[in-house]
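Presented below is the structure to which this report refers.
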């Protein structure tokens, strides 16, 4: 029988470890990849990783889980993303769903349930943790529109790389050097980033990506 | 007896007449006007002149007497004497002259009637001229006073409603210029003994001679008048007329500014009542300025308070956010991981007991780590260190970390042990934290100095550096840049325990922050 290939994305080693051990007790589940941040996750997908399921934390250093999910769902439509987080905020849930996540599960999930959810999502199902349904109902009732974070179109891997560099405060030529790209290419990426964010300056762009929680500044 | 013989007779008795007049005037109760004759040299001289003029007018048209009476009437009316009193003196004089005429008639037979009626007519005519002039002048004085009163009233009303210092200055400049019919007006405003504003109406530059007269007026706090020759007088009466005048606008112990007025066409005289009105206008101006400054200060205070409140709220929010992040990052994640591990262990009980033991050991380490983290989280919320090891030791420990992290060497002058109430200990600890963090962030200094001394009633703290310093301002709210928020929060903290914080800095000369906190009796003893 083909094993379900799972990738864990979380910035805490204890969680990574515990989750890996917990899942690998199951014969038909294999943890094939572990990433410590949204960006690391995209990076390893770019390189080689090919999981069936990604268990994705939301709040992590650098690129947020939701932003990473947006890109993954567009670029790798076969990979199914399940958010696994401490937060039960309605905004996160709707943002995650809009980004393309197939499941939203809180971290205190029990082993049997988690395994069942993974199987369910593998069969093209979706799952929302009962703990967050109340929040979503409230959120929709309040009339809050789908999260701002998803109003902007998603960023490509390269663009996310440049966004990270922008937030870190690097200049164009520094970014070019760090990413082994030409200054010209960097400029065109930055232009695209501005357009997607609807801003016209570096500082506005930085403020907006931090405000939208796309990037978590160090 | 001829008119000439009569005149000679009267002349030979001139001194007797004056003396007689003087004696009669002395009879009580006497009026202000009598008082003027009796008590002042000018009054006595006036009596002599008057008697002299009456006698000289005997037998001719007494033009000199008439002109004199006209002048006297104007002066007395302006000076505010009553017409009734003046007439009373006139009647006394009249009766004395009558007696003298009778006396002369007994000694020398002459045509008494002609001489008498001529002299009486001169006297009557003189008195008539005096009366007419007096009333006319009085009317003028009254209407002038009414005009002044009205302008003072209008001025006061618009003035006290105004809270803009510049506008108040503009109003007094315009008003005084019109009132004294001068050509240009100037105002220099002072604040904390520094020139705060210079105004000219009509717009233009202030000439050096005007400015120096204003400066002198500011130094002496007196009105000064400069005549065409450039001589400066303190009294308009001495200078009689003037070209430039400078007057201070002053209230309670404070001079707000100097008003100056200039006339282009040579010199100008000022009447007593004009000066009087000007002074009253200046008094009103000073009150209006005082109000305006008080209002500004109040507004500043309020702004500062608002700013501080906002800052405190942000600080609190920031602290909470940080705390939530810390809990999420450390404790919640650790608990989550442990939860997974426990579930793993549960599965391992039957499947692999050897691996279970390993997992449990691993779990114990994680629990220990989490316990340590939670302890650290707690102590960052409140520096227990202060209670446990005392202020001096806590400061030393803090500075050790600070020096290691920032490479800034700190010279310390601390007592070996210091007994203080807990709230003062916390205050001093936080001030040192903030002050040193400012040194690191802004001063660009490789060294700093910390000094704490305590007397029976006072604890003193000084943090100084030899860094780049900044422009000194009296209150932190006036400072530009980031560190003012920190300074403001420090100031608030120190004032909350009844202390006082001052900052002494100049660009290029480092910064010295001083805190003094009084200690109530017995509080220092634990």
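The values are calculated or read from the model by the stated rules, or taken from the named source; none is laboratory data. Everything numeric here is computed off the predicted structure, so don't read it as measured data. Please note: Cβ atoms are built from the backbone with ideal geometry, for glycine as well, and neighbour counts cover all protein chains shown.
Taking the numbered list (1) modelled with pLDDT of 90 or more; (2) within 36 Å of the chain's Cα centre (by Cα); (3) closer than 25 Å to residue B:389 by Cβ in turn, residue B:434 passes all entries but (1).
Against the test of being free of Cβ contacts under 8 Å to residues at least 60 places away in the same chain, under 14 Å from the mean Cα position of the chain (by Cα) and crowded, with 23+ Cβ neighbours inside 10 Å, the options A:63, A:72, A:53 yield a single qualifying residue, A:72. Looking at residue A:36, is it within 14 Å of chain B (Cβ to nearest Cβ), touching a helix residue (DSSP H, G or I) at 6+ places or on another chain (Cβ under 7 Å) and within 26 Å of residue B:367 (Cα to Cα)? So residue A:36 does not fit the description; no.
Within the bounds of segment B:417-439, is there any residue that is surrounded by fewer than 18 Cβ atoms within 10 Å (Cβ to Cβ), touching a strand residue (DSSP E or B) at 6+ places or on another chain (Cβ under 6 Å) and within 26 Å of residue B:468 (Cβ to Cβ)? No, segment B:417-439 contains no residue that is surrounded by fewer than 18 Cβ atoms within 10 Å (Cβ to Cβ), touching a strand residue (DSSP E or B) at 6+ places or on another chain (Cβ under 6 Å) and within 26 Å of residue B:468 (Cβ to Cβ). Between A:102, A:195, A:158, the distinction of being surrounded by 13 or more Cβ atoms within 10 Å (Cβ to Cβ), farther than 15 Å from residue A:82 by Cβ and at pLDDT 85 or above belongs to A:158 only.
Once segment B:313-345 is narrowed to residues that are at pLDDT 90 or above and more than 8 Å from chain A (Cβ to nearest Cβ), the residue that is farthest from the chain's Cα centre (by Cα) is B:345.
Return yes when residue B:266 is within 30 Å of residue B:145 (Cβ to Cβ), loosely packed, with under 11 Cβ neighbours inside 10 Å, free of Cβ contacts under 8 Å to residues at least 40 places away in the same chain and more than 14 Å from chain A (Cβ to nearest Cβ) and no when it is not. Yes: the conditions hold for residue B:266. Within segment B:61-92, being at pLDDT below 85 and either surrounded by 14 or more Cβ atoms within 10 Å (Cβ to Cβ) or within 13 Å of residue B:125 (Cα to Cα) (or both) holds for B:61, B:62, B:78.
In segment B:358-371, the residue that is farthest from residue B:330 (Cα to Cα) out of those that are out of contact with any helix residue (DSSP H, G or I) (no Cβ under 6 Å at 6 or more places or on another chain) and within 12 Å of chain A (Cβ to nearest Cβ) is B:358.
Taking residue B:291 as the residue in question, decide whether it is away from chain A (no Cβ under 14 Å) and in contact (Cβ under 8 Å) with a residue 24 or more places away in the chain. Criteria met by residue B:291.
For every residue, the table says whether it meets (1) modelled with pLDDT of 90 or more; (2) within 14 Å of another protein chain (Cβ to nearest Cβ); (3) farther than 25 Å from residue A:20 by Cβ; (4) part of a strand (DSSP E or B).
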site: A:114; (1), (2), (3), (4): yes, yes, no, no
site: A:118; (1), (2), (3), (4): yes, no, no, no
site: A:125; (1), (2), (3), (4): yes, no, no, no
site: A:135; (1), (2), (3), (4): no, no, yes, no
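Annotation note: of A:49, A:68, the sole residue that is touching a helix residue (DSSP H, G or I) at 6+ places or on another chain (Cβ under 6 Å), under 15 Å from residue A:8 (Cβ atoms) and more than 14 Å from chain B (Cβ to nearest Cβ) is A:68. For segment A:86-112, residues that are part of a helix (DSSP H, G or I) and away from chain B (no Cβ under 14 Å) total 9. In segment B:346-357, the qualifying residues are those that are closer than 16 Å to residue A:24 by Cβ and surrounded by 12 or more Cβ atoms within 10 Å (Cβ to Cβ), and the one that is nearest to the other protein chains (Cβ to nearest Cβ) is B:347. Among the residues of segment B:249-287, those that are part of a loop (DSSP other than H, G, I, E, B) and within 22 Å of the chain's Cα centre (by Cα) comprise B:252, B:253. When restricted to residues that are in a helix (DSSP H, G or I) and in contact with a helix residue (DSSP H, G or I) (Cβ under 7 Å, 6 or more places away or on another chain), segment B:57-77 contains 11.
Of the residues that make up segment A:27-35, is at least one within 18 Å of residue A:163 (Cβ to Cβ), assigned by TED's automatic domain parsing to the domain that holds residue A:125, touching a residue at least 12 places away in the same chain (Cβ under 8 Å) and under 13 Å from the mean Cα position of the chain (by Cα)? For segment A:27-35, residues within 18 Å of residue A:163 (Cβ to Cβ), assigned by TED's automatic domain parsing to the domain that holds residue A:125, touching a residue at least 12 places away in the same chain (Cβ under 8 Å) and under 13 Å from the mean Cα position of the chain (by Cα): present.
It is to be established whether one or more residues within segment B:154-168 are at positive phi and in contact with a strand residue (DSSP E or B) (Cβ under 8 Å, 6 or more places away or on another chain). No - not one qualifying residue is present in segment B:154-168.
The single condition among (1) surrounded by 19 or more Cβ atoms within 10 Å (Cβ to Cβ); (2) within 29 Å of residue B:331 (Cβ to Cβ); (3) more than 14 Å from every other protein chain (Cβ to nearest Cβ) that residue A:4 does not meet is (2).
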